[in-house]
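What follows is a short report on a single structure.
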Amino acid sequence: MKSMISFQEALTLILENAPLGKIEQVSLFEATGRILAQDVVSRVDSPLLDIALMDGYAVFSEDVASARPDQKVGLSLISFQGAGDLPGQALKPGTAIRVTTGAAIPPGAEAVLAQEFTRKEEGQVWCFNNAEPGLNILPKGTDVKAGEIIAKEGERLHAALVGLLACAGLDRVRVITRPRVAVIATGDEVAAPGRSLRPGQVYASNMVETIGWLKAFGLPEAAFRIVTDKVDEIKSAITETCSEADIFITSGGAWQSERDLMIEVLQDLGWQGIFRQVRLRPGKAAAFGLLENRPFFILSGGPPSYEMAFLELALPGILAMAGWQGPVFPTVTARLEEPIRGQKDWTQALHAKVIFRDGTWRVRPYQTASRLSSMAHKDGIILLPEGQAELSAGEEIAVQLVSSQPLS
């Protein structure tokens with residue numbers, strides 16, 4: 001098992017050992033946020049026929065070529081065509097057919113003259129504007145063509161893309177399964193939220209935040225447990241969740257004190273240790289390995305260290321198993337408003353406040369006296385990489401946007 005490795009090496013090892021999930025088929029109503037397992041091909045043209053883009057009258061362009069606000073042209077109204085009606089009567093010179101938005105264009109019609117440029121009187125339509133061929137007509141297959149690839153393997157399905165799949169004639173889609181995550185908080189001092197605390201106890205905020213992040217990314221938690229610093233209790237919590245989980249995250253027991261028992265327990269269970277301790281600050285006391293070929297993260301119990309290791313190491317591994325490609329959080333280039341410093345031999349992670357002002361992203365380090373308040377109210381994360389000890393105000397840097405709040 002490697003020890004005290006760089007942040008980049010740790011992330012690489014995690015992604016190399018995060019097996020891609022299986023393939024399942026889900027309803028479009030359950031597909032938002034999922035990752036496509038294969039290219040998606042349209043089954044139909046959309047629209048299936050040429051359709052009207054607005055309420056009005058289907059006409060021959062030549063019939064209304066001379067129509068102006070001060071020079072009306074009269075046409076005989078011969079029929080009505082509504083959205084969903086089968087194509088009906090063919091248009092003839094000197095006539096018009098009433099159409100509604102989405103209606104099939106009558107055979108022979110060249111354009112749709114919008115309703116506001118007309119007046120209907122006793123079986124006749126008076127036209128006050130011309131209509132060039134193709135005006136207000138959406139041709140067959142404009143939105144989607146049958147046989148066309150409309151979404152790519154590995155693409156994340158957002159709501160509008162799911163709507164496009166529906167237009168293409170699909171009701172189900174093949175996606176990568178999402179890993180089930182077991183979250184285990186350890187420590188005699190850890191209590192479930194809402195319970196009365198004894199002196200020296202703290203609430204299991206790491207576990208609660210983790211479950212919140214999993215839900216934010218649409219990931220299911222398989223189980224969550226709070227256990228004391230006892231070998232048998234820790235071992236039971238792990239073995240009990242083995243049948244439910246694809247990946248494990250523990251909070252606490254990651255360092256080297258008398259009560260840090262997690263690696264000892266896992267070794268008894270036959271895990272394959274891959275690394276222990278990372279040159280990431282905060283987040284140093286992180287370990288990673290495989291238990292029955294399933295990723296297992298051991299993270300610190302201290303909230304700042306736990307959160308940073310979870311967001312920068314564990315979460316990318318979890319999402320990779322769900323088929324996620326690319327960075328977890330959107331990254332912007334921002335102008336640094338204050339200097340920052342770190343240790344040259346470490347990757348330094350800093351909470352940040354990010355705003356968009358005068359056409360430029362701007363960022364400053366954010367640290368309050370309360371560690372938990374800093375964690376809760378940050379907008380972004382700055383990673384000062386190994387080999388770079390400081391950055392000056394005014395320099396442009398990459399910032400991860402981690403807040404769901406408006407950035408303004």
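The values are calculated or read from the model by the stated rules, or taken from the named source; none is laboratory data. Please read all numbers here as calculations on a predicted model, not as lab measurements. Quick reminder, even Gly has a Cβ in these numbers, built from the backbone with ideal geometry, and neighbours come from all protein chains shown. Areas reflect the complete protein model, heavy atoms only, side chains present, ligands, DNA and RNA absent. Shrake-Rupley method; radii C 1.70, N 1.55, O 1.52, S 1.80 Å.
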For segment 359-389: of the residues being open to solvent by 40 Å² or more (accessible area, probe 1.4 Å) and touching a Phe, Trp or Tyr at 6+ places or on another chain (Cβ under 9 Å), which is nearest to S6 (Cα to Cα)?
E386
Tell me yes or no: at least one residue of segment 198-208 is within 27 Å of the chain's Cα centre (by Cα), assigned to a helix (DSSP H, G or I), surrounded by 13 or more Cβ atoms within 10 Å (Cβ to Cβ) and free of Cβ contacts under 8 Å to residues at least 40 places away in the same chain.
yes
Unique residue being within 21 Å of Q201 (Cβ to Cβ) and at pLDDT 95 or above when the list is E258, E233, E307:
E307
Of the residues A166, A216, A245, which is in contact (Cβ under 8 Å) with a residue 24 or more places away in the chain, closer than 30 Å to D143 by Cα and among the aliphatic types (A, V, I, L, M)?
A166
Within segment 16-47, residues within 17 Å of R178 (Cβ to Cβ) and open to solvent by less than 50 Å² (accessible area, probe 1.4 Å) come out as A18, G21, V26, S27, L28, A31, G33, R34, I35, L36, A37
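Do you know which residues across segment 273-288 are at negative phi and either open to solvent by less than 10 Å² (accessible area, probe 1.4 Å) or in a strand (DSSP E or B) (or both)? Walk me through it before giving the result.
The initial filter retains those residues of segment 273-288 that are at negative phi, namely 273-276, 278-282, 284-288.
If the condition is that a residue be at negative phi and either open to solvent by less than 10 Å² (accessible area, probe 1.4 Å) or in a strand (DSSP E or B) (or both), then G273, I274, F275, R276, V278, R279, L280, R281, A286, A287, F288 are the ones that fit.
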Filtering segment 349-375 down to residues that are out of contact with any Asp or Glu (no Cβ under 9 Å at 6 or more places or on another chain) and under 16 Å from P385 (Cβ atoms) yields L350
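Select from segment 392-408 the residues that are modelled with pLDDT of 90 or more and either touching a Ser or Thr at 6+ places or on another chain (Cβ under 7 Å) or open to solvent by less than 50 Å² (accessible area, probe 1.4 Å) (or both) and list them in ascending order. Full working, then the answer.
Of segment 392-408, the ones modelled with pLDDT of 90 or more are 392-402.
Within segment 392-408, G394, E396, I397, A398, V399, Q400, L401, V402 meet the criteria.
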Residue pairs within 7 Å by beta carbon, gap of at least six or interchain, first lying in segment 120-131 and of a type in the set (D, E, K, R), second crowded, with 16+ Cβ neighbours inside 10 Å, listed first then second, are K120/L77
Just to be sure I understand the filter: pairs with C-beta atoms under 6 Å, separated by 6 or more residues or on different chains, first member in segment 39-51 and more than 30 Å from A111 (Cβ to Cβ) and outside any strand (DSSP E or B), second member open to solvent by 40 Å² or more (accessible area, probe 1.4 Å) and among the charged types (D, E, K, R). Which pairs pass?
D39/K152; D39/E153
If I ask for residues that are open to solvent by 70 Å² or more (accessible area, probe 1.4 Å) and out of contact with any Phe, Trp or Tyr (no Cβ under 9 Å at 6 or more places or on another chain), which ones from segment 51-77 would you list?
L53, E62
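Conditions tested, residue by residue: (1) assigned to a helix (DSSP H, G or I); (2) touching a residue at least 40 places away in the same chain (Cβ under 8 Å).
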residue	(1), (2)
L313	yes, yes
P316	yes, yes
W324	no, yes
Q343	no, yes
K353	no, no
T368	no, no
L372	yes, yes
M375	yes, yes
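Could you run through segment 298-307 and say how many residues are touching a residue at least 60 places away in the same chain (Cβ under 8 Å) and either in contact with a His (Cβ under 8 Å, 6 or more places away or on another chain) or outside any loop (DSSP other than H, G, I, E, B) (or both)? If you could, list the steps in order and put the result at the bottom.
In the first step, residues of segment 298-307 are kept if they are touching a residue at least 60 places away in the same chain (Cβ under 8 Å); the result is 299, 301, 303-304, 306-307.
If we keep only those that are either in contact with a His (Cβ under 8 Å, 6 or more places away or on another chain) or outside any loop (DSSP other than H, G, I, E, B) (or both) as well, we get 299, 303-304, 306-307.
Selection size over segment 298-307: 5.
Would it be correct to say that I397 is outside any loop (DSSP other than H, G, I, E, B) and either of a type in the set (D, E, K, R) or under 24 Å from G301 (Cα atoms) (or both)?
Working: outside any loop (DSSP other than H, G, I, E, B): yes; either of a type in the set (D, E, K, R) or under 24 Å from G301 (Cα atoms) (or both): no.
Against the criterion (outside any loop (DSSP other than H, G, I, E, B) and either of a type in the set (D, E, K, R) or under 24 Å from G301 (Cα atoms) (or both)), I397 does not qualify.
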